[in-house]
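Report on the structure given below.
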Amino acid sequence: MSTTVTLTGALPFLVLVAALLAYPLSSLLLSLYRRSVQRGMASVAGGSAAPAAAASRRQPVVALRIELPLAARPAARQGPPSPLWQLATNGRWRAAAAYSAGGFVFAAIMTAGWLLATRDPAIVWIKLLVLFWTYCWPGVLPILLVAAYDRTRQSFVVGGYFAVLLALFAIALARNPGMAMHELPLHWILTNAPPTLLVLAFLARPIRAVGSLVLAFLIVAAIGSQALLSLAAANETWLRGIATFAFRLGLGANAVFVGMILAGMLAFAAGLGWPLLAWIGRRYEQKKTSDQSLMIDAQWLLFGLVQSIGLVFEGAAWIVTGLVAFTAFRLVSRAAMRRAVAAMGTAAARPQTLLLLRVFALGKRSERLFDRLRRHWQYVGNTTMIAGPDLVTGTIEPHEFLAFLSGRMARQFIRDAADLERRLATVDRAPDHDGRYRISEFFCHDDTWQMTMERLARDADAILMDLRSFSPDNGGCIFELGRLLDGIDLRRVLFLVDESTDRGFLEATLQELWQKLGADSPNQSALSPAARIFEVARQDERELAGLLQLLLGQED
C-alpha cells in the first residue's frame, strides 16, 4: 500500500513541482546567460584580431541597381523543384510523420496496458478506438512543434484530432445508451490534461531551448528531497541515529525534517542531476541526439510517466507501462526517422550554409522570423551567425548551457584570428540523425566580431541580412554592408526590410558604399549588379516561401 501511495501521491506531486519550477528557473538562467553574453560582447580580447586590410578603390563601371522582389507572392519556378527546395519544404513534415509513427506504437502499448491492468472483460472495437485515440494525443504536440508552426496548420491538426475524437465519442454513446455524456470527455481530460499542462510549461517558447534540461535536473533534485525521508522512515535505526545526531547539535524536530529534505536534494542534484546533464551534453556533442529530439523525448517520457500513474491503483508494477511505451516510441520513431532521412535524400545535394546578419535590437521580431526560417533551412544545411542578445537564448545548445553553468562561458568567445580558424575547423557540418543541420553561433568580443563576420561571409552559400529597424544609428550594420559589397557576390546576398527600415538611408548608404568599391571586388565584373531587397509585412507562409526561393536560387 505504501508503494502505491508513493507512486500515486508523492511521484505526481514531485513531477508537478519540478515542472512548475522549470519555467521561472529556466527564465532566470537564460536571463543570466544573456547578460553574460552581452558582457563578453562589450569586452575586448586584446589579442591579434587585426582589422580588415585597406583595399585599393576603383569606381565601378556599372551602376548598382536596387531590386525589390515581390514579397507577398513566391516567384514562379521553371521546371521541377530542386532537391534543396524539396528538403526545405518537405523535411519537417517527414520528420513529423516519423514521430507520429512512434506515437501510434506508444498509444497501442498504453491501450494494451490499460486493458490488461483493469482486466476489462468487455473489450469491443469502439472502446479500443477511444482508448487508442486518447493515448494518441501526445502525438499532436510534436507535429505542432516540428512542422505546423503557423496558426492555420495548427488549427487543422488540432481540429482534425478532436473531430475524430468527438466522432468516436458519439459512436460510443450511441452504442451504450446507459453511458453518461461526461464519462468519456472526463476520462480524456484526466488522462491528457495534466501532462499537457506540464509539457507546455517547460516547452514554452521563451525557455524551450533549455526547458527539458532544467526539468530533468529538477525532477532528480525533487526525488532526492524525499529519498532520505523515505529511507529513514523505512529503517527505524537510521531514523533514531539521524535524530540523535541532530539533537546533539541543538536542532529541533522541524529543523531535522527540513535538513533531511535539503540533504537529499543536494545529494541527488550533485550525484545524479549534474552527471545526467553532463551525459546529455556529451550525447549531443557526439551527435547521438539533437536539440529537437531532446525536447520531444522529454515530452513523451513525461506523458508516459503521468499516464501510467492511474494504472498503479491496479498494481504498482503497472507504473512501467509508460516506460515500456516510451522505449517503444523511441525505437520506432528512430527507425522511421532513418527511413524519412533516406527518403529526403540529404546526399542528393550539397548542404548549403546560410549566414544570418541582423540588427540586434529587433528582439521578438527577430525571434519569430528566425524560428520559422530555421525549420526549413535546417533540412538544407548549416546556419552560422554572430551571437547576439536577440537570438542567443533561442539557439543555445546543451554544451553551451553547461559551459555557462560551469563558469566557463568566457572560453566560448573568439580571441583572435587563429582562434577563429580553430573554431571554424571544428564546426559540425553533418546532419543529425533527424536530418537537420545545426546552427553555429560565434561568440565575439568587441574587437573580434568584424573579422569573424568577414570570414563567415566568405564561406556562406547564401547571406540574409535582416535590416528591419535599420537607421543611421546602426554603425555595425553599415560596416557589414560595406564588407558585403566589397567581398561577396551580391547574387548570394538578400537584404530584408519592413516598414521600420529607413529605406531612404539604406539605399543612399548602398549607393555611397558602391562608389567606394574595392578594385578586387567580385561585383566589379558584374554585368547587372543588384542589391536584392525583400520586404516582409506579415511573416506568413507566402512571404516565407518567397524568401526561401530567393535564398535557394529558385526564383528563375
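Throughout, read-outs are computed from the coordinates displayed, never taken from laboratory work. Not measured: the values here are computed from a predicted model. Cβ sites come from the backbone with ideal geometry, for glycine too, and all protein chains shown count toward neighbours.
What to note about this one:
- In Hz, Karplus ³J(HN,Hα) per residue of the range 132-141 (6.51, -1.76, 1.60; θ = phi - 60°; x = Gly, Pro): 4, 5, 4, 6, 7, 3, x, x, 6, 5
- Entry note, the chain: the mean residue ellipticity at 222 nm calculated from DSSP H runs of n ≥ 4, each adding -39500 (n - 2.57), is -19500 deg cm²/dmol after division by the residues and rounding to the nearest 500.
- Calculated FRET efficiency for the pair Leu197/Gln524, C-beta based, R₀ 45 Å, to 0.05: 0.15
- Taking amide H as placed 1.01 Å from N in the peptide plane, the amide H of Val359 sits under 5 Å from that of Asp466, Arg468, each at least 5 places away or on another chain.
- A dipole drawn for the range 89-343 from +1 and -1 charges on Cβ atoms has a positive end, and of Ala107, Gly178, Ala316 the residue lying farthest that way is Ala107.
- Matching label, Cα extents along the principal axes in Å computed from the structure shown, candidates (1) 88, 69, 38; (2) 102, 58, 39; (3) 159, 71, 40: (1)
- Angle between the chain longest axis and helix 291-309 axis [Cα atoms, degrees, rounded to 10]: 20
- Spin-label model, Ile66 to Leu20: label points 7 Å out along the Cα-to-beta-carbon direction sit 5.6 nm apart.
- Helix 208-234 axis, angle to the chain major axis (alpha carbon atoms, nearest 10°): 20
- Sites Ile126 and Lys288 - FRET efficiency at Förster radius 45 Å, r taken between beta-carbons, to 0.05: 0.60
- Amide H contacts of Tyr379 (H built 1.01 Å from N, in plane; Pro and chain starts excluded): Tyr437 sit under 5 Å, all sequence-distant by 5 or more or on other chains.
- The HN-Hα couplings worked out from phi for the range 414-421 by the Karplus form 6.51 cos²θ - 1.76 cosθ + 1.60 (θ = phi - 60°) are 7, 9, 7, 5, 5, 5, 4, 5 Hz, whole numbers, x standing for Gly and Pro.
- Length released on extending from Ala403 to Arg119, taking residue separation times 0.36 nm less the Cα-Cα span: 97.2 nm
- With a Förster radius of 51 Å applied to the beta-carbon distance between Ser155 and Ala410, the computed FRET efficiency rounds to 0.65.
- Tilt relative to the chain, helix 183-202 - C-alpha long axis, 0 to 90 degrees, to 10: 50
- Between the range 122-150 and the range 452-481, the alpha-carbon center distance in angstrom: 45
- Paramagnetic label reach from Phe505 (point 7 Å along Cα→Cβ; backbone nitrogen cut-off under 20 Å): within the range 423-467, residues 465-467.
- Over the chain, Cα pairs under 8 Å with separation of 6+ residues give a relative contact order of 29 percent.
- For Ser440, the residues whose modelled amide H falls within less than 5 Å of its own, excluding neighbours fewer than 5 places apart on the same chain, are Thr383, Thr384, Met385.
- Computed magnitude of the charge dipole of the range 89-343 (debye, nearest 20; Cβ of K, R +1, Cβ of D, E -1): 780
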